[in-house]
Amino acid sequence: MIAAGTTAKADLTTYPLSFAQERMVTASLQRPEDPSHNASMRWRIRGDLSQAVLEAAWLFLIARHEILRTRFLRTSLRAEQVVEASVAFRVSIVHCSALDPTIIDQEIDRIAATDAGAPFDISVAPLLRVTRLILGTTDSLLLVTAHQIVCDGWSFGLLARELGIVCAALSAGSVPELPELTTTFGAFAGWQRSAMTDVALAEEYRLLAVDFAGPLSVEVTTDFTRPSLWTSHVDTRSRVIDTQRMRNYIDEARASGTTPFMATLAATALALRGGVSAGILAITTQVVGRDDVDLESVAGPFVNTMPLRLDIEGSHSLLTVLERIGDAVANALELRHVPFELAACRLFPIQSEDRGAVCGVNFLYQKAFTQDIDYGAFRISSEHSHPGGSQYDLSVYIVERPGGWRLTCDFNPDLYRGATIDAILDRFEETIADGIDRRPPVLFFHSDLFADGFYANEIAANIADRRIVPIGPHGIGDRPLLSSIDAMAEDYLKNIDTIQAKGPYRLIGFCAGALVAFEVARLLKARGEEVAAVILINATAPARSVLPFRDFVIRAVAQNARLSPRVREIVCYNVARFNRALLRGPRATFDFLRNLGASSLRPRSATSSQPTGETFIRSRGDAVSELSFAHIGAALSHRPHFFDGPVTLIWSSDQSNLTGEPTQGWDRLSTSVRTVGMSGGHVAPLHELVGDLSILLDDILAVEPPVA
């Protein structure tokens, strides 16, 4: 046992630096006034605890833990940590009880921010300071700030518990009794240096290279241009999350085999996804490096930073993101013992002076290290604290406290507006409020010719029991513009597991998007997947060509930017109609040519109305018009394939029937076709009749076999 009068040995003790300490020593020498490595805590003390006892207790803890008596030196030969036999230490006092109650909270925040932001001189021990704010005769607030080179979050919790035990014993006039320490942080640092060599970690390096292969985004898009020299300026946004909502979300995660850490990381990734252009988020988190039970009672910076590469590109559901993150975290945890400083130089570009950390984003989920504990005459509890500075562009924290969960984002105001951070926190809360949606998705393939992607979202809102997932067309966003329906379908098939890993699949398509949905269904069925529903909306089956030049004309005209959009539309549309008329026979061909000639002779009024879809196409500008004609060309020149399964066709009664068949030709391309009528023209289901379409889709999907 250790008594209150215990002192360290007289001779100085030196140790090598851990890898993390070496990084912080280098940063301190480069930026001695930088407070970004300060860690601050607020402990509330309610009850009877004298200043003399509090100060004696801290002296006891400093004598007990070598790291609290340690300073850091760098010579021309090496850097080392030096443990002093004893150090001078006082607990500062600030009396706040006489302050106006209307300003006391602001004054406490000001004092705390000043204390947290004051830099340490790492060559002088202790790298710890404590300030006591007196709020009343039995109420005070303890501001505890330490440099991360000597203390991690676990250490703060350890010191809070031991402080309570020592204070209680000294107040009672007895000698504090704590388990004797069998090792020190310095001994751990020496072991790390000898054990973690490049030769010993060769296999770990290889695995890390595999995990981080491919493109790497190291930041979330900033609001302001990054300064030429990095700053550690920090602002913070924080809110308490509804306790029941968070518990429901955590319970859902556990029920699906996911940890609370993974669940909150997934919600954070989704909240940040809009600012990650590459779809890949490089993020760091911290893990406790106390695998040896003897280290659990030792104060020191044992924490290791763990890099994660999160693939969030193309993910449309929280469940999908959870699955990906679960794999990434599981792989990373196997390598959590690899010092981040050794891994970073192999995974990330060389750090320049405009960055404080190699990853711009850090995430942390943890239970509060300092728990509310009653020590008889007094009680110590933890309160939310503010940072002194930030090493990262963004740091997201989820801390589970006895009274609930707190969501916090520390950010550099030189890079981000507060409104941007508020929006990120809003998206996090929206994600956990929506919960983990296990409903199978219904994939809605759209062409974007008539803004059907937008209306897919409206359909999803109208069908509460279905999860409609819009599948954007090629040529939009990061999908390359492809020249054929077959190529589009094959590309979707390669990436469909990012939305739904296995069947049964339900697919919907509108107009040209229906052709893609049909081909995707065929390819899924061919590889052995279950396709539960194929629903085609106002889609005429592509017929085989009887005009040898049909495909050539359609492709050449549709892709010829020198022709006006109106000319290209007329030529492509009528070549396709003429081909279908020939397929139906002489009478249909004669009627087509007669009607075409009559329409060309009629004067066209400048004010004549146009179908909503045509108006929409012409109003979007040249770039989108070119995309539209590329899709039209692909659709009109598509050669059909047979699908071994049933199809449901929704057909609007007021639009032209180009085939003269109730099934629009789909009966020749599938085992069976069920036709469901709907009023309105071609694009009406996606505009004024979207509610009616939602009801039809809900009814059709309701009769499909349930998911196992």
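Take the conditions assigned to a strand (DSSP E or B) and open to solvent by 10 Å² or more (accessible area, probe 1.4 Å) and apply them to R46. Does it pass?
Details: assigned to a strand (DSSP E or B): yes; open to solvent by 10 Å² or more (accessible area, probe 1.4 Å): yes.
Against the criterion (assigned to a strand (DSSP E or B) and open to solvent by 10 Å² or more (accessible area, probe 1.4 Å)), R46 qualifies.
In region 363-378, which residues are assigned to a strand (DSSP E or B), farther than 27 Å from R309 by Cα and either of a type in the set (K, R) or open to solvent by 60 Å² or more (accessible area, probe 1.4 Å) (or both)? It would help to see each step written out before you state the result.
Taking region 363-378 and keeping what is assigned to a strand (DSSP E or B), we get 363-367, 373-374, 378.
Those left that are additionally farther than 27 Å from R309 by Cα: 373-374, 378.
Result: D374, single match.
From the list S228, S238, which one is of a type in the set (G, A, S), within 30 Å of R110 (Cβ to Cβ) and open to solvent by 40 Å² or more (accessible area, probe 1.4 Å)? Before you say what the answer is, go through the steps one by one.
Details: S228 fails: within 30 Å of R110 (Cβ to Cβ).
Exactly one of S228, S238 is of a type in the set (G, A, S), within 30 Å of R110 (Cβ to Cβ) and open to solvent by 40 Å² or more (accessible area, probe 1.4 Å), namely S238.
Assess whether T285 counts as being touching a helix residue (DSSP H, G or I) at 6+ places or on another chain (Cβ under 6 Å) and among the polar types (S, T, N, Q).
Numbers: touching a helix residue (DSSP H, G or I) at 6+ places or on another chain (Cβ under 6 Å): no; among the polar types (S, T, N, Q): yes.
Taking the combined requirement at face value, the residue does not satisfy it.
Residues to consider are G279, G275; find the one that is within 13 Å of the chain's Cα centre (by Cα), surrounded by fewer than 19 Cβ atoms within 10 Å (Cβ to Cβ) and not basic (K, R). Even if it seems obvious, please write down each step before you answer.
Numbers: G275 fails: surrounded by fewer than 19 Cβ atoms within 10 Å (Cβ to Cβ).
Selected residue: G279, the only one of G279, G275 that is within 13 Å of the chain's Cα centre (by Cα), surrounded by fewer than 19 Cβ atoms within 10 Å (Cβ to Cβ) and not basic (K, R).
Do you know which residues across region 135-179 are within 16 Å of L68 (Cβ to Cβ), assigned to a loop (DSSP other than H, G, I, E, B) and open to solvent by 10 Å² or more (accessible area, probe 1.4 Å)?
Residues satisfying the conditions are Q148, D152.
Give the residue that is farthest from L335 (Cα to Cα), with candidates limited to residues of region 298-316 that are open to solvent by 10 Å² or more (accessible area, probe 1.4 Å), at pLDDT below 90 and in a loop (DSSP other than H, G, I, E, B).
Filtering first and then ranking leaves H316.
Of the residues that sit in region 397-415 and are in contact with a helix residue (DSSP H, G or I) (Cβ under 9 Å, 6 or more places away or on another chain) and farther than 17 Å from F363 by Cα, which one is least open to solvent (accessible area, probe 1.4 Å)?
Selected residue: G404.
If you check T182 against the conditions, is it polar (S, T, N, Q), over 29 Å from S50 (Cα atoms), in contact (Cβ under 8 Å) with a residue 24 or more places away in the chain and open to solvent by 30 Å² or more (accessible area, probe 1.4 Å)?
Details: polar (S, T, N, Q): yes; over 29 Å from S50 (Cα atoms): yes; in contact (Cβ under 8 Å) with a residue 24 or more places away in the chain: yes; open to solvent by 30 Å² or more (accessible area, probe 1.4 Å): yes.
Yes, satisfied.
Cβ-Cβ distance below 6 Å, separation of 6 or more or different chains: which pairs start in region 477-502 with a residue that is assigned to a helix (DSSP H, G or I) and among the polar types (S, T, N, Q) and end on one that is modelled with pLDDT of 75 or more and open to solvent by 80 Å² or more (accessible area, probe 1.4 Å)?
none
Within region 80-125, track down each residue that is under 30 Å from L12 (Cβ atoms), within 38 Å of the chain's Cα centre (by Cα) and open to solvent by 20 Å² or more (accessible area, probe 1.4 Å).
Result: D115, A118, P119, F120, D121.
The values are calculated or read from the model by the stated rules, or taken from the named source; none is laboratory data. Predicted, not measured: the structure shown is a model, and the values here were computed from it. Note that we place each Cβ from the backbone using ideal geometry, even for glycine, and neighbour counts take in every protein chain shown. These accessible areas exclude ligands, DNA and RNA; they are computed on the full protein's heavy atoms, side chains included. Shrake-Rupley method; radii C 1.70, N 1.55, O 1.52, S 1.80 Å.
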